[in-house]
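Note sheet for the following structure.
The values are calculated or read from the model by the stated rules, or taken from the named source; none is laboratory data. What you see is a predicted model; the values in this text were computed from it and never measured. Methodologically, a virtual Cβ is constructed for each residue, glycine included, from the backbone with ideal geometry; neighbour enumeration extends over all protein chains shown.
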Amino acid sequence: MEDSTVETNPADLFTQAEAHLNQAELYYQQEKYDDSLRECDTALGIDPALADAHNLRGVILEELGREWEAISAYRQALQLDPDFHEAKNNLATLKSDLVAQGGLITIATFGYPTEAYLSKAKLAAEGIESFVADEMMTTWLYPTTTGGVRLQVREADMEQALEVLSQEAEAIELTAAEFDEEEDSLG
């Protein structure tokens, strides 16, 4: 009995993915955004590690008015290629535009990025999407001289996010008070 399994050469898959990406770029230039998005998705289905396809997907999603999905696409591109300057610029510009439109609100400022990411994780656990801004503007020596690291949420999520963070702050205060009481009873 013959093995009917066809082996696919990884180079062939890359070529196929690149062909779909090229078609996506062509459709984008023709302002056929739905077709372009479909081709991007096909390219990513073949090769999910194509940072260029994630970036183009973000650009297309912006054109379609789907900014939050575009942010995710840019982030995916940057996860694959942290030095991808075009994706960095696209993400920064989009976030800046959203802030200018009142789309993102800063709800907290932290001295260190790790503090911001801990709060971001708390919000994510509650289903609230948040964004950390200016984490690259701090240094270990002078963390707050540049204004700190900002935690931002969509304007519509602001109240719920503040509630989650205030509950966290109350829990920290309670834990600190319990520690002080225990320390006093030992002393």
So residue 99 clears everything in (1) more than 25 Å from residue 49 (Cα to Cα); (2) crowded, with 20+ Cβ neighbours inside 10 Å except one condition, right? Which one? (2)
Cβ-Cβ under 6 Å, sequence separation 6+ or interchain: first residue in segment 72-95 and assigned by TED's automatic domain parsing to the domain that holds residue 49, partner of a type in the set (Ser, Thr, Tyr) and part of a helix (DSSP H, G or I). Which pairs? 87/74; 90/74; 91/74
Collect the residues in segment 26-37 that are surrounded by fewer than 15 Cβ atoms within 10 Å (Cβ to Cβ), assigned to a helix (DSSP H, G or I) and not aliphatic (A, V, I, L, M), keeping them in residue-number order. 29, 34
Kindly indicate whether residue 124 is in contact with a Cys (Cβ under 6 Å, 6 or more places away or on another chain) and either assigned to a helix (DSSP H, G or I) or modelled with pLDDT under 95 (or both). no
Within segment 38-87, work out how many residues are buried (at least 19 other Cβ atoms within 10 Å of the Cβ) and at positive phi. 0
What residue, of 56, 44, is within 28 Å of residue 131 (Cβ to Cβ), aliphatic (A, V, I, L, M) and either under 17 Å from the mean Cα position of the chain (by Cα) or at pLDDT 95 or above (or both)? 56
Of the residues in segment 127-138, those that are buried (at least 16 other Cβ atoms within 10 Å of the Cβ) and modelled with pLDDT of 85 or more come to 128, 130
